[in-house]
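Just below is one structure, and these are the notes that go with it.
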Amino acid sequence: MRQDSGDFTFKLNDIACAIVDALRLALEVVMPGIMDENNLTERNGYGQFRWNVIIAQLRERCLHLGWIDFSVCPRGAWKTPVLFHPLSRNLITFMTENTFKTVQRRKDKSRHYLCGGASFNKDVKAQYEQLELKLPSVSVDDEKWVAQSREDLAASVCEDVGEIAGHILVLFDVHVDRLLSVRAVRLTPTLEISTEVEDWTQYIRMPYAANQGIEPQQNNEGDEEELVELL
């Protein structure tokens, strides 16, 4: 069951629009185009390969903003896209809804980068229905893996980003080359979805000018923007 907090916002509308547009183009335009142009009918490895296209589109859409740092975080043979928003000092990563549900329930999830990202989040409260899932906890012995992931994420975007205020995970659902939903969530240390959730689905069909510059807005004290991360 999905329950989004309709009155909560990360106040990142312009960035959200760019991110969602990148996902839409990668999943609905570029990937089907590759299949058609090469007369491909089988989809072996399709789910993994499309991340290369997603990364390319995120890089293209977000770098033109100028004030967003984009990079990838190596995780073995895998590379996870990571954004850093300097004004709010939040890391942003990406993941499909189905993959997230699997990671949540892993007993060894402390080795996954999401736990490192979630460790940046302070004073977050899990949604009630998330508590009912009774997800596996992260043991004290496994905290070394969380610390390593935390360090890797911070190092991936910049050599010295300074203090990181939090992490935002962008979750999306896709079916038959159609982007169905996108939402930004903040996670608890045990990977429950917190009460800080914003639905970005509205931006999927919204016209977006890729060459349009966006002026960053200064944050008011106590009114910080926040954002998170992938796969």
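The values are calculated or read from the model by the stated rules, or taken from the named source; none is laboratory data. From a predicted model like this one, the values you see are computed outputs, not experimental measurements. We place every Cβ from the backbone using ideal geometry, glycine too, and count neighbours over all the protein chains shown. Side chains included, ligands, DNA and RNA excluded: accessible areas come from the protein's heavy atoms. Shrake-Rupley method; radii C 1.70, N 1.55, O 1.52, S 1.80 Å.
Grab the Cα-Cα distance for THR102 and ALA147, subtract it from 0.36 nm times how many residues apart they are, and report the gain in nm with one decimal.
Values: separation 45, 0.36 × 45 = 16.20 nm, distance 2.15 nm.
My answer for the length gained is 14.1 nm.
What pairs from LYS79/LYS107; LYS11/LYS101; LYS101/LYS134; LYS107/LYS144; LYS11/LYS79 go past 18 Å between their alpha carbons?
Numbers: LYS79/LYS107 22 Å; LYS11/LYS101 26 Å; LYS101/LYS134 13 Å; LYS107/LYS144 15 Å; LYS11/LYS79 28 Å.
Beyond 18 Å: LYS79/LYS107; LYS11/LYS101; LYS11/LYS79.
Taking the Cα centre as origin and putting +1 on Lys and Arg beta-carbons and -1 on Asp and Glu beta-carbons, what dipole magnitude results for region 1-117, to the nearest 20 debye? Before the final figure, lay out the partial values.
Values: 16 positive and 12 negative charges, 148 e Å.
Here the size comes out at about 720 debye.
Per 10 Å bin, what is the whole-percent P(r) computed from every C-alpha pair distance within region 99-144?
23, 59, 18
Contact order normalised by length for region 39-191, with contacts defined as Cα pairs under 8 Å and 6 or more residues apart; what percent is it? Numbers along the way, then the final one.
Values: 224 pairs, mean separation 41.0, N = 153.
Rounded, it is 27 percent for region 39-191.
Just the accessible area per residue of region 42-100, please: how many Å² with a 1.4 Å probe?
With all protein chains present, region 42-100 gives 43 Å² per residue.
Lys/Arg Cβ at +1, Asp/Glu Cβ at -1, dipole of region 87-177 taken about the Cα centre: which of ALA118, VAL138, THR93 is farthest positive-ward?
Toward the positive end, the furthest listed residue is VAL138.
Full extension from ARG178 to ARG59: what is 0.36 nm times the residue separation minus their Cα-Cα distance, to one decimal in nm?
Details: separation 119, 0.36 × 119 = 42.84 nm, distance 2.09 nm.
Working it through step by step, the gained length comes to 40.8 nm.
How large is the dipole of region 8-65 about the Cα centre if only Lys and Arg carry +1 and Asp and Glu carry -1, each at its Cβ, rounded to the nearest 20 debye? Walk me through the numbers on the way to the answer.
Details: 6 positive and 7 negative charges, 52 e Å.
Roughly 260 debye for region 8-65.
Output the peptides 74-82, 105-113, 9-17 sorted from most to least packed, where packing is the average of other Cβ atoms within 10 Å over each peptide's residues.
Details: 74-82: 15.3, 105-113: 17.6, 9-17: 20.1.
Listed from highest to lowest mean packing, they are 9-17, 105-113, 74-82.
What is the percent carbon and sulfur in the accessible area of region 41-173, measuring with a 1.4 Å probe over the protein chains and ignoring ligands? Before the final figure, lay out the partial values.
Working: 3240 of 6730 Å².
Carbon and sulfur: 48 percent of the exposed surface of region 41-173.
With r as the distance between the Cβ atoms of THR41 and LEU87 and R0 = 45 Å, compute the FRET efficiency 1/(1 + (r/R0)^6) and round to 0.05. Write down the numbers at each step before the final one.
Numbers: r = 46 Å, r/R0 = 1.02.
Computed FRET efficiency for LEU87 and THR41 comes out at 0.45.
Using only the alpha carbon atoms of region 1-157, find the Kirkwood hydrodynamic radius as the inverse mean reciprocal pair distance, in angstroms to one decimal.
Numbers: mean 1/r = 0.0569 Å⁻¹.
One decimal place: 17.6 Å for the Kirkwood radius.
Could you tell me how far the Cα centroid of region 140-203 sits from the Cα centroid of region 97-131, in Å?
9 Å
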